[in-house]
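Notes follow the structure.
The values are calculated or read from the model by the stated rules, or taken from the named source; none is laboratory data. Please read these numbers as outputs of a predicted model, since none were measured by experiment. When we count neighbours, we look across all protein chains shown, and the Cβ atoms used for this are built from the backbone with ideal geometry, even at glycine. The area values use the complete protein model at the heavy-atom level, side chains included, leaving out ligands, DNA and RNA. Shrake-Rupley method; radii C 1.70, N 1.55, O 1.52, S 1.80 Å.
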Amino acid sequence: MSIQSPIPISVAQVRARPKGRGVDARALAEIRALLGDAPRRRDLLIEHLHRIQDRFAHLSAAHLAALAAEMNLPMAHVYEVASFYHHFDIVKEGEAPPPAITVRVCDSIGCELAGAKDLLERLPALLGRDVRVVAAPCVGRCDSAPVAVVGQNPIGRASPAKVGEAVAKGQTTCPVTRCIDYARYRKAGGYLLLAACLGGAHTRESVTKVMEEAGLRGLGGAGFPAGRKWRVVAAMPAPRLMAVNIDEGEPGTFKDRHYLERDPHRFLEGMLIAAWAAGVGEIYIYLRDEYAGCRALLERELARLKADPPCALPPIHLRRGAGASVCGEESAMIESIEGKRGMPRLRPPYVAEVGLFGYPTLEHNLETLYWVRGILEKGAAWFSGQGRNGRKGLRSYSVSGRVKRPGVHLAPAGITVRELIDEYCGGMAEGHRFYAYLPGGASGGILPASMGDIPLDFDTLNPYGCFIGSAGVVILSDRDRAVDAARNLLRFFADESCGQCTPCRVGTVKALALIEQPKWDRELLAELSQTMMEASICGLGQAAPNPVLCVMKYFPQELE
């Protein structure tokens with residue numbers, strides 16, 4: 001048996017160009033003009049996709065191919081990143097682009113309670129074919145539910161008439177709220193503490209020790225002690241980076257937006273002090289795309305800070321999310337900052353060891369940093385001396401649902417939900433009786449009103465299968481059902497799963513299908529929930545079963 005020689009190939013058979021989509025010359029020229037002199041680094045991929053989306057209102061196949069060529073990236077990578085995020089509209093070859101205006105109606109728990117379903121049903125006929133109406137996950141404005149976002153302009157307490165008026169007037173840009181700006185903040189003593197730290201009036205050790213004594217814990221949900229985190233990162237080899245997480249995408253949570261819209265420099269000064277204390281040389285701020293007004297505000301105030309700095313500043317970069325709640329998880333956020341799909345990493349190693357771009361990374365949410373200046377100026381005892389029921393500190397509770405005064409309420413840690421409703425929220429909404437509550441947003445579980453005297457703080461809810469997380473408290477009344485709330489929350493988790501791990505990707509969809517049945521298969525749900533909690537990579541899949549388990553445990557009467 002002889003080995004046959006290769007089949008001869010003629011010159012005509014050789015490809016004139018590499019296999020794959022060709023690059024349209026016009027599209028390439030448009031991309032080059034759009035990017036200008038911006039760097040073509042891989043980590044800026046999402047920023048460049050936003051430029052295209054903002055300019056053309058969609059991502060065409062030709063522009064994606066041109067961007068891949070311009071950035072010297074595989075087309076597959078550009079497409080998989082663009083298709084991962086909700087806010088990028090990919091238009092395939094031969095397809096018609098979407099209408100110029102998109103109206104996103106939030107259908108998460110707070111907005112569903114306030115009538116989002118009615119809006120979604122009525123708006124398409126009212127607005128016509130030239131406007132696209134789509135359901136959207138939480139947009140971080142639960143205190144003014146229901147919310148419809150016209151382009152990037154959020155319409156609180158939305159009605160068909162209010163949305164129709166905004167569309168008719170072309171009001172698609174989010175207004176920038178008035179805040180304590182740079183000049184006003186400096187005039188009131190802002191950044192003096194930062195300058196004192198860098199000037200040698202305080203040491204890194206003394207500042208870190210105050211934070212440890214105050215007992216401030218991470219207020220993004222995990223609750224890891226802030227001072228200890230500074231110490232851990234500072235002990236890592238340089239260079240060290242910092243990643244600030246303002247991607248509060250979990251339904252029921254909106255406190256970071258509240259503080260950013262009002263006093264952005266208090267957060268920024270706390271951020272810079274934390275970076276100094278941990279020996280961080282460069283800072284990245286990750287802001288969710290739904291907060292368009294906050295982004296404009298932060299861009300303006302950062303420019304003012306950099307133009308007239310109170311002292312030497314490290315490089316500060318503002319990065320824009322693109323509609324993926326999973327990026328609230330710290331490692332998924334880091335992946336997104338690096339220009340990739342927001343998929344959580346396996347741990348260990350932890351981000352404090354191997355984080356952004358492979359360097360040790362200090363990760364904090366906005367509210368944690370917001371308290372740094374106050375604690376250092378007033379002392380650890382000021383912060384730790386506040387609290388109820390044996391708890392210490394202050395908490396910013398994002399309260400929504402059936403109360404008279406929804407919003408962010410600053411209250412003592414350890415306050416009960418009954419006290420929170422009566423003392424801070426003006427009581428229940430007219431005609432509503434307290435029935436149940438979510439103590440920690442979508443993933444924190446559901447408890448009945450009869451358990452409304454449990455202190456709301458880290459660890460206090462764990463014995464009941466719940467947790468406080470980022471303190472997004474949603475109040476249900478006797479007009480609501482915990483079963484319906486669980487279905488809404490599972491739809492959110494199924495839609496927002498990144499798809500990386502099977503227990504979450506398949507488990508959320510399977511659990512949703514099971515609880516949408518009139519009669520629940522409790523044994524199968526319990527088994528599925530256990531698998532998801534034990535085997536999912538990140539907190540989204542691990543916590544997704546909580547609403548279901550709570551309904552089966554605390555609301556059995558609704559399943560009869």
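For segment 182-321, the share of alpha carbon pairs falling in successive 5 Å distance bins from zero is 2, 9, 18, 22, 22, 17, 9, 2, 0 percent. Loop-located GluC sites (Glu not before Pro) in segment 490-548 (DSSP state other than H, G, I, E, B) with a sparse environment of at most 15 neighbouring Cβ atoms within 10 Å: Glu516.
What's the carbon and sulfur percent of segment 254-390's accessible surface, probe 1.4 angstrom, rounded to a whole number? Please list the in-between numbers first.
On the way: 2020 of 4140 Å².
Solvent-exposed carbon and sulfur of segment 254-390 make up 49 percent of the total.
The distance from the alpha carbon centre of segment 307-380 to that of segment 408-425 is 29 Å, rounded to a whole number. Measuring nothing but protein heavy atoms, the accessible surface of segment 454-496 at 1.4 Å probe radius is 45 percent carbon and sulfur. The charge dipole of segment 250-347, taken about its Cα centre with unit charges on the Cβ of Lys, Arg, Asp and Glu (plus for the first two, minus for the last two), comes to roughly 120 debye. Using the beta-carbon distance between Lys404 and Arg481 and R0 = 35 Å, what value does 1/(1 + (r/R0)^6) give for FRET efficiency, to the nearest 0.05? About 0.95, to the nearest 0.05.
Add +1 for every Lys or Arg and -1 for every Asp or Glu among the other residues with Cβ under 12 Å from the Cβ of Phe267, and state the total. Result for the local shell: -1.
Mind scanning Lys519/Lys553; Lys209/Lys378; Lys117/Lys169; Lys117/Lys162 and naming the pairs with a C-alpha gap bigger than 18 Å?
Details: Lys519/Lys553 15 Å; Lys209/Lys378 14 Å; Lys117/Lys169 24 Å; Lys117/Lys162 16 Å.
Going by Cα-Cα distance, Lys117/Lys169 fall outside the 18 Å limit.
Only loop residues by DSSP count here, and only those with at most 10 other Cβ atoms within 10 Å; note down the GluC sites (Glu not before Pro) in segment 402-464 that meet that.
Numbers: sites: Glu419, Glu423, Glu430; in loops: Glu430.
Those that pass, being in a loop and sparsely packed, are Glu430.
Taking 30 Å as the straight-line reach from the Cα of Lys340, the lysines in range (excluding those fewer than 8 positions away in the same chain) are Lys19, Lys92, Lys229, Lys255, Lys306, Lys510.
When Rg and Dmax are taken over the Cα atoms of segment 365-488, they come to 14.7, 47 Å.
By the helix-only formula, in which each DSSP H run with n ≥ 4 contributes -39500 (n - 2.57) and the sum is divided by residues, the chain has a 222 nm mean residue ellipticity of -12000 deg cm²/dmol.
Which length gain, in nm to one decimal place, applies between Phe357 and Glu558 when the Cα-Cα distance is subtracted from 0.36 nm times their residue separation?
On the way: separation 201, 0.36 × 201 = 72.36 nm, distance 4.89 nm.
Taking Phe357 through Glu558 to full extension adds about 67.5 nm, to one decimal.
Please state the equivalent ellipsoid semi-axes for the chain: what are the square roots of 5 times the Cα gyration tensor eigenvalues, largest first, in whole Å?
Working: eigenvalues 287, 205, 127 Å².
Result for the chain: semi-axes of 38, 32, 25 Å.
If I stretch the segment between Lys162 and His77 completely, what's the gain in nm (0.36 nm per residue apart, minus their alpha carbon distance), one decimal?
On the way: separation 85, 0.36 × 85 = 30.60 nm, distance 4.03 nm.
Contour length minus the Cα-Cα distance gives 26.6 nm.
Counting only protein heavy atoms and a 1.4 Å probe, segment 198-354 has 33 square angstrom of accessible area per residue. With all pairs of different C-alpha atoms in the average, the Kirkwood value for the hydrodynamic radius of segment 218-301 is 13.9 Å.
For segment 147-237, what % of the accessible area comes from carbon and sulfur atoms, probe 1.4 Å? C and S fraction of accessible area: 57 percent.
So the label point goes 7 Å from the Cα of Glu282 along Cα→C-beta, right? Which residues of segment 203-243 then have their backbone N under 18 Å from it? From segment 203-243, the list is 234, 236-243.
With an 8 Å Cα cut-off and a minimum separation of 6 or more residues, compute the relative contact order for segment 345-409 in percent.
Numbers: 42 pairs, mean separation 8.7, N = 65.
In percent, rounded to a whole number, it is 13.
First measure r as the distance between the Cβ atoms of Ala188 and Asn389, then evaluate 1/(1 + (r/R0)^6) with R0 = 30 Å and state the FRET efficiency to the nearest 0.05.
On the way: r = 34 Å, r/R0 = 1.14.
The formula returns an efficiency of 0.30 here.
About the centre of its Cα atoms, the chain shows a dipole size close to 1000 debye [charges on the beta carbon of Lys, Arg (+1) and Asp, Glu (-1) only; nearest 20 debye]. Solvent-accessible surface (1.4 Å probe) assigned to Cys106 amounts to roughly 0 Å².
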